[in-house]
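To keep things clear, I will list the structure first and then write my remarks on it.
The values are calculated or read from the model by the stated rules, or taken from the named source; none is laboratory data. Everything quoted here is computed from the prediction, not taken from an experiment. A quick note on method: Cβ atoms are made from the backbone with ideal geometry, for glycine too, and the neighbour counts reach across all protein chains shown. Accessible surface is based on the protein model in full, side chains and every heavy atom, while ligands, DNA and RNA are left aside. Shrake-Rupley method; radii C 1.70, N 1.55, O 1.52, S 1.80 Å.
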Amino acid sequence: MSGGTDLVAFVLPADGSRALRTTIAAADQHGRPSIAGDGTDFLVVNTRPTRLNNDDVFAVHLRWDGTQLQVVATHDLTTREPGAIPSLNQRDPVVSHDGCRFAYAYLEPGGTAFDDAFGATILLGNGPPTFHDGHQLLVTSADRAELNPALASIGEMGGPRGPYFFVCDQVIATSNTDVVGAIYHGTTNTIGVRSVRTSCIFNDESLTVAGPPALGNTVRFTLAVPIGSAPILMIGHEIAPLPLCGLCRLGLDPLVFLATASLDWSIACDPNLLGLQVAVQGLLLQASGGCAPPTTPIALRVSDTKVLTVQ
């Protein structure tokens with residue numbers, strides 16, 4: 001795709017009818033393209049020369065409405081990516097989609113004579129892409145050349161959103177080629193769940209959280225319930241732990257009380273939710289090991305408080 005060629009896309013109908021061809025970028029020094037999408041929105045990434053006489057990573061946002069493939073927008077990602085270095089050449093970009101976001105990776109000159117591999121994640125809308133991170137170092141080596149990058153997400157196959165797997169060839173000094181890889185958490189941070197000590201007992205693991213709190217993902221809360229106790233999940237905003245009795249603390253300002261021991265929270269793929277914090281704490285009524293009359297009207301015990309930050 002070099003030498004002043006067009007960058008084109010094809011739609012291959014499932015019924016075997018004639019392929020639909022769309023030119024998405026006119027003649028230019030296009031690098032090899034990579035594409036990913038969800039069946040409606042697609043992202044094509046490749047490199048193109050800029051006025052700085054170097055190559056940037058460009059992205060073309062495509063949308064398929066069932067009859068036409070339309071170009072929504074074209075973006076120079078290198079000029080927008082947090083931490084990117086526009087004065088350097090980027091090459092061989094690849095892209096993947098996790099069911100909510102896109103991640104792309106590329107090679108770029110590092111601190112040695114060889115290229116390093118970097119990654120970034122974005123969310124597409126009708127305007128400029130929203131970056132979750134940028135210029136994240138994936139693979140580096142002082143004496144080996146990285147080649148032929150590839151990127152995939154288990155979210156494409158119905159797994160959790162967020163983690164990606166990056167691989168590339170690495171040519172070592174003996175001219176042998178190894179395959180190296182890295183797990184890339186394409187999110188604003190790699191934790192997302194913080195535990196605050198509020199339980200009536202030490203080393204409390206009665207409230208568990210499964211699944212990263214990433215856009216498009218589902219998080220499950222589970223509260224272990226002793227025989228004879230009634231579970232309640234409290235949901236609200238984190239506060240400085242408020243003493244109840246003994247070691248027991250209230251770790252949130254409760255907005256919702258749910259009489260259940262488990263809860264699935266499906267997080268919408270909405271960029272406005274990024275950074276949202278939610279606190280969850282378990283409450284066990286008629287449970288021993290916590291507060292009891294006359295300090296409280298009935299016996300109760302609380303768990304540690306889990307604070308989730310949407311990534």
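Across Leu147, Leu274, Leu285, mean-square fluctuation computed from a Gaussian network of the chain (C-alpha pairs under 10 Å connected) peaks at Leu285. Stokes-Einstein, applied to the Kirkwood radius of segment 225-277 over Cα pairs at a viscosity of 0.890 mPa s and 25 °C, places its translational diffusion at 181 µm² s⁻¹. Name the shape class, rounded, prolate or oblate, that the alpha-carbon gyration tensor gives for segment 110-209, where a ≥ b ≥ c are the square roots of its eigenvalues, rounded holds for a/c under 1.5, and otherwise prolate holds if a/b is larger than b/c and oblate otherwise. Prolate. In order along segment 57-70, phi translates into HN-Hα couplings of 7, 10, 10, 10, 8, 10, 9, 9, 9, x, 10, 9, 9, 10 Hz, rounded to whole numbers, per the Karplus curve 6.51 cos²θ - 1.76 cosθ + 1.60 with θ = phi - 60° and x for Gly and Pro. In order along segment 99-105, the Karplus-derived 3J(HN,Hα) couplings, from 6.51 cos²θ - 1.76 cosθ + 1.60 at θ = phi - 60°, round to x, 9, 10, 10, 10, 9, 9 Hz, and Gly and Pro are given as x. Per residue, the accessible area of segment 1-96 comes to 52 Å² when a 1.4 Å probe rolls over the protein heavy atoms. When nucleic acids and ligands are ignored and a 1.4 Å probe is applied, Tyr184 ends up with an accessible area of around 10 Å². From helices alone, the chain scores 0 deg cm²/dmol at 222 nm; the rule is -39500 (n - 2.57) for each run of n ≥ 4 DSSP H residues, then divide by the residue total. Apolar share of the accessible surface for segment 171-311: 60 percent from carbon plus sulfur atoms, 1.4 Å probe. Using only C-alpha atoms and all pairs of different ones, pull out the Kirkwood radius for segment 1-155 in Å with one decimal. The Cα-based Kirkwood calculation yields 16.2 Å. Going through (i) 48, 23, 16; (ii) 32, 23, 16; (iii) 46, 25, 18, the figure that equals semi-axes √(5λ) of the Cα gyration tensor in Å as computed for the structure here is (i).
Placing a label point 7 Å from the Cα of Val11 along the Cα-to-Cβ direction, the residues of segment 44-78 whose backbone N falls under 18 Å of that point are 44, 60-73. Across segment 277-307, no residue has a backbone nitrogen under 13 Å from the label position 7 Å along the beta-carbon direction of Ile227.
Residues whose amide H comes within less than 5 Å of that of Ser206, counting only those at least five positions distant or on another chain, are Asp304 (H built at 1.01 Å from N in the peptide plane). Counting only heavy atoms of the protein chains and using a 1.4 Å probe, His75 has close to 20 Å² of accessible surface. Less than 5 angstrom separates the built amide H of Leu215 from those of Gln311, all sequence-distant by 5 or more or on a different chain.
With the highest mean first, a sort of the peptides 44-53, 63-72 on other beta-carbon atoms found within 10 angstrom per residue produces 44-53, 63-72.
Leaving ligands, DNA and RNA out of it, report the carbon-plus-sulfur percent of the accessible area of segment 23-87 at a 1.4 Å probe. Please list the in-between numbers first.
Working: 1490 of 3120 Å².
Carbon and sulfur together cover 48 percent of it.
The label point for Ala259 and the one for Asn126, both projected 7 Å from the Cα toward the Cβ, are 4.4 nm apart.
Ranking Leu7, Leu255 by solvent-accessible area of protein heavy atoms (1.4 Å probe, all protein chains present), from largest to smallest, gives Leu255, Leu7. The phi-based Karplus calculation (6.51 cos²θ - 1.76 cosθ + 1.60; θ = phi - 60°) puts the 3J(HN,Hα) values of segment 87-98 at 6, 9, 7, 9, 8, 6, x, 10, 9, 9, 10, 9 Hz, whole numbers, x for Gly and Pro.
Between amide H atoms placed 1.01 Å from N, distances below 5 Å from Ile85 occur with no residue 5 or more places distant or on a separate chain. The slack between Asp143 and Ser288, meaning 0.36 nm per residue of separation minus the straight C-alpha distance, is 46.1 nm. At a Cβ-Cβ separation cutoff of 4.7 angstrom, cysteine residues of the chain with no neighbouring cysteine are Cys168.
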